[in-house]
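Here's the structure, in structure tokens; my notes come after.
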Amino acid sequence: MNDLPEAIGKRLPRRDAADKLAGAARYTDDLARPGMLHAAILGSPWPSARILGIDTAAARALPGVKAVLTGADLPERRWGLFVYDETALAAGVVRYVGEPVAAVAAADLATARAAAALIEVDYEELTPVLSIEEALRDGAVPVHPHFDSYEKRPDLGFERVNEIARQEFSEGDVEAAWADCDVVVDGVYEVPSQSHVYLEPVSAIAEFDRAGKLTVRSANQSVNKVQATLSRALDLPMSKIRATTPAVGGAFGGKSGVTVQPLVAHLARATGRPVRLTLTREEDFMMMRRRHPAIVRVKTGAKADGTLVARDLEIVYDGGAYAEDSPAVLGFGLLMARGPYAIPHCRLRGSAVYTNRLRAAGFRGYGNPQVTFATEAQIDELADKLGLDPVDFRLKNAVTTGGRWIGGQTITSCGLAECLTRARDAAGWTGKRPGSGAGTGAGANGRLRGVGVSAFAHICGLLGTSATVRLLEDGTVALAHSAVDLGQGAEAALAQICAGALDIDIDRIDSTSADSGAAPYNWSTGGSRVTYMVGRAVVKAADSVREQIVRHAAETFECAPGDIEIRPGGRAGIVGVPEKELSFGDISLRAHYQAGGPIIGSGGLVYDGEAFDYKEALIRNYPFARIGTYIFGAHVVEVEVDTVTGKVEILRAWAAHDVGRAINPTAVEGQIQGGFVQGAGYALVEELLWEDGQPINPSMMDYKVYGAPDLPLEIHPIVVEDPEPSGPFGAKGIGEPPLVGAAPAIANAVANATGLRLRTIPMTPERVLDALAAAAEE
Amino acid sequence: MTAAAGVGLTVNGDPLTLVAGPGATLLDLLRGAAQLTGSKRGCNSGVCGACTVLVDGRAARACLMLAADCAGRDVVTVEGLDGDPNAAVLGEEMAKSGAVQCGYCTPGIVVALTDLFRSAVEPPDAEAVRHWLGGNICRCTGYVSIVEAAVRAGGRCVGSEPGLPAQ
């Protein structure tokens, strides 16, 4: 692929930047509909309680109130991704603090909120399940007593009360393999609940027309999921539902499930008016989603020469009150738990459990950050014991192109070694790492300096998608797909791919996206899949358009299609005869008015890579046979630890990622820097906290998100391009991996600086000081 | 609800009398009655900075100001910076460097940096920009591209004819 089209690899500014800079981009809460009502929600004050009665009389009596709904007013219909356990409003019991119990639609927002506050709910408190330990202990209270009766996907593998799913990936013979190991490290790692904190709180507007068709405009990551879930929740055929997406102010997985749309649709149905609901920041923290906290026990063994031999890992994810993505998060975490290393003997097991806390769901990394924090910290612990350089140790065991992943899939492209060496060399690793152990790094005023590394993998792929490309009458192009631009630049990247496939300027392409009535299906914008998967669909659709253009040109010139070439800039002509050519406009006019009909290309696919090899690996209860192609990265981070305050400061970071092909290098670098910083927050400061089931920091005052003064400017993205044969122009995904590698690299840098191994994140000043004090006592 | 009252103020150069409920904030007024939705409500508690506007020429959080206290004041929102040469240069640099992702923080950052450029005597360096942006949360970019764009824009705007390259 030496001769790339002009549009590929170009640093084009994103096309929505001008509107966003001018304040002219319209997000859901910026939109109003004629006659629109405003909604407010009353949330549960208890983590677990039975609803004995709800008195809505005072709320209904307030002038301006048009509808008050409780769970009893809604049809008994549950939905979910794997377990159908969700309802729009609590049905009989509440399972977490904040769970929506009642909703109001009123003429204005102040009235809606005042009415919600007038609703009286009589609760009988029940014993809550507030931790993984409480969920799994003998005699545990079930969070969902009727779990058995819910519809669910088969083979989730749950065995105990409160288990949503239990899965395993295993190969080789772990128990026998320990005897072959010269060094074994065993540890338990704990990772916190991280909140997405997309800057735009969740919002939706729903309205019915008089023919009974529902239109929902909302912040989401998949109009197709919204449409399908509304169909189930409201008992409407999908043809009676249109889901669209205004501008979205960040999502990171937090808007990938269906959120408030069913509730707003019920209010619209009850009132016959358009209804808008926008959560407050506090409601969003308490009612939406979070990253699964987890406890990870890992044991890894190696030979004295640094060859990795065996790993035994068991993880439990806290899924919170509803299952949503938990079975898939668990399975994906396990699939990543061997790490990007050829470890022959692995037993990787785990479960996801219900608790009476906010539901956990997909969040940039999808189960992988939890696992990789533990395993990559442990790789450094092993390197220490073996007396090996952590980068060399990783390189010795790193997977390569043509190797196999656990489960047997062939790795079709792998830039891991290049990521490791380029990050190491850019960081000046050797000079900065005098050795491990306390006080090895020199810093002023009680500050200790160190560097750490991480290597990691992820996937891109997953399920189905499609795109259409139409040639307009003047030869410009209308591209349609349902990737949502969440801020990552999907619109521009896919338009660039389309421009590349047709070898025209991007200015000649208009995009329609994420409108279930106007653009074709896409499973979701998540899983680092849009550039790779939707990009492939765009190339297929564009290739079909190219074929039709060639046919028209051949018919016009009365030659064989094989004699026609597509020329850069939107022209088709006879090979070797420069003056014999037609513009795309000429051809499109012919197609529209003379012969053949308008030129439309469509392309669709379901991820079609190699399936798992069930003969070579024990794979229990994993819901997919294939999920994606593997992608790789490595981070090196330099930190300073203040031994007086306990604060960890990131001085510099080098984040190398193999993206196959950077369609737009500026956008790729933006994903790397932004993802790294979210991962740095996960490592050092971010944690949703509860006391007795009550969230204690559900606000941006109390939940810390890094600001510009907290961070270095030296976050160096390193773009590695090892082209993926199946990818569009060789491209792979980049959305999630930059977050995955940050926490372990930072923890390893802290260990290098201080000699202390912190196995719990976030590494807050308190935890660092406690660890320093404990070390001093020894 | 309790009686609403008219508030007379200047918004983006236009004298307006806008009806505000008793607890209404300037942000409620702007996004509601004035239909200026460029100022964003990210946290409604003065932390995220997405609602940053200029009040009497200085950056302020619209979510923390009571509408009633804005009577007689001169308010400029991101929409009011349309045509402002400093904002135009800043926008060009931010778009070029990938400093705009989801865009929800962008209006607040544009207003805050425009305020910096207007008040600065010499072009702000990266340190000055980083600290100036302490009140504007961005969850997408990691700030590097924003700071780099601001430094370049500041070099073109501050202490020279706006819009022209410095030196």
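Hey, A:Phe82 hits all of (1) in contact with a Lys or Arg (Cβ under 6 Å, 6 or more places away or on another chain); (2) within 14 Å of another protein chain (Cβ to nearest Cβ) but one; which does it fall short on? Just one mismatch for A:Phe82, condition (2).
All of (1) within 30 Å of A:Pro145 (Cβ to Cβ); (2) surrounded by 20 or more Cβ atoms within 10 Å (Cβ to Cβ) hold for A:Pro45 with one exception: (2).
A count restricted to region B:93-125 and to residues that are assigned to a helix (DSSP H, G or I) and not acidic (Asp, Glu) stands at 17. Considering only residues in region A:106-137 that are in a loop (DSSP other than H, G, I, E, B) and over 21 Å from A:Tyr322 (Cα atoms), the one that is nearest to the other protein chains (Cβ to nearest Cβ) turns out to be A:Asp108.
Determine whether A:Val174 is outside the structural domain of A:Leu52 (by TED's automatic domain parsing) and surrounded by fewer than 21 Cβ atoms within 10 Å (Cβ to Cβ). Here the answer is no, as A:Val174 does not meet what is asked.
Of all the residues in region A:291-312, those that are surrounded by fewer than 23 Cβ atoms within 10 Å (Cβ to Cβ) and over 23 Å from A:Val399 (Cα atoms) number 2. Taking the listed residues B:Val75, B:Val53, B:Val47, the one that is assigned to a strand (DSSP E or B), in contact (Cβ under 8 Å) with a residue 24 or more places away in the chain and within 12 Å of chain A (Cβ to nearest Cβ) is B:Val53, with no other qualifying.
With respect to (1) away from every other protein chain (no Cβ under 14 Å); (2) assigned to a strand (DSSP E or B); (3) more than 9 Å from the chain's Cα centre (by Cα), the lone exception for B:Ala68 is condition (2). Considered as a group, the residues in region A:517-535 that are in contact with a strand residue (DSSP E or B) (Cβ under 6 Å, 6 or more places away or on another chain) and either part of a helix (DSSP H, G or I) or assigned by TED's automatic domain parsing to the domain that holds A:Ser239 (or both) include one that is surrounded by the most Cβ atoms within 10 Å (Cβ to Cβ), and that residue is A:Met533. Restricted to strands (runs of 3 or more DSSP E) entirely inside region A:562-679, those with at least 1 residues that are of a type in the set (Asp, Glu) and in contact with a helix residue (DSSP H, G or I) (Cβ under 9 Å, 6 or more places away or on another chain) are A:564-567, A:581-583, A:628-642, A:648-658. Regarding region A:162-179, can at least one residue be identified that is assigned to a loop (DSSP other than H, G, I, E, B), closer than 27 Å to A:Arg291 by Cβ and touching a strand residue (DSSP E or B) at 6+ places or on another chain (Cβ under 7 Å)? Among the residues of region A:162-179, at least one is assigned to a loop (DSSP other than H, G, I, E, B), closer than 27 Å to A:Arg291 by Cβ and touching a strand residue (DSSP E or B) at 6+ places or on another chain (Cβ under 7 Å), which makes the answer yes.
Only residues that are crowded, with 22+ Cβ neighbours inside 10 Å and among the acidic types (Asp, Glu) were counted across region A:706-755, and they come to 2. Among the residues of region A:327-348, is any aromatic (Phe, Trp, Tyr) and not in a strand (DSSP E or B)? Yes; the residues of region A:327-348 include at least one that is aromatic (Phe, Trp, Tyr) and not in a strand (DSSP E or B).
If we scan region A:210-220, do we find a residue that is closer than 23 Å to A:Tyr322 by Cβ and either within 14 Å of chain B (Cβ to nearest Cβ) or touching a Cys at 6+ places or on another chain (Cβ under 9 Å) (or both)? Yes, that holds for at least one residue.
Scanning region A:223-272 for residues that are more than 27 Å from A:Glu736 (Cβ to Cβ), among the aliphatic types (A, V, I, L, M) and surrounded by fewer than 22 Cβ atoms within 10 Å (Cβ to Cβ) gives A:Leu236, A:Met238, A:Ala270. Among the residues making up region B:122-158, those that are surrounded by 23 or more Cβ atoms within 10 Å (Cβ to Cβ), away from every other protein chain (no Cβ under 11 Å) and closer than 21 Å to B:Gly103 by Cα are B:Ala153, B:Gly154. All of B:Gly6, B:Gly80, B:Gly38 fail the test of being under 28 Å from A:Gly707 (Cβ atoms) and out of contact with any helix residue (DSSP H, G or I) (no Cβ under 8 Å at 6 or more places or on another chain), apart from B:Gly80.
Here region B:56-65 is the region considered, the condition is being assigned to a strand (DSSP E or B) and more than 14 Å from every other protein chain (Cβ to nearest Cβ), and the residue that is nearest to A:Ser699 (Cα to Cα) is B:Ala60. Conditions first: (1) under 21 Å from the mean Cα position of the chain (by Cα); (2) closer than 27 Å to A:Ile411 by Cβ; (3) assigned to a strand (DSSP E or B); (4) not aliphatic (A, V, I, L, M). A:Asp318 passes all but one, so which condition is the exception? In the conditions (1) under 21 Å from the mean Cα position of the chain (by Cα); (2) closer than 27 Å to A:Ile411 by Cβ; (3) assigned to a strand (DSSP E or B); (4) not aliphatic (A, V, I, L, M), A:Asp318 misses (2) alone.
The values are calculated or read from the model by the stated rules, or taken from the named source; none is laboratory data. On a predicted model such as this, the values are computed, not experimentally measured, just so you know. In this analysis, Cβ positions are derived from the backbone assuming ideal geometry, glycine residues included, and neighbour counts consider all displayed protein chains.
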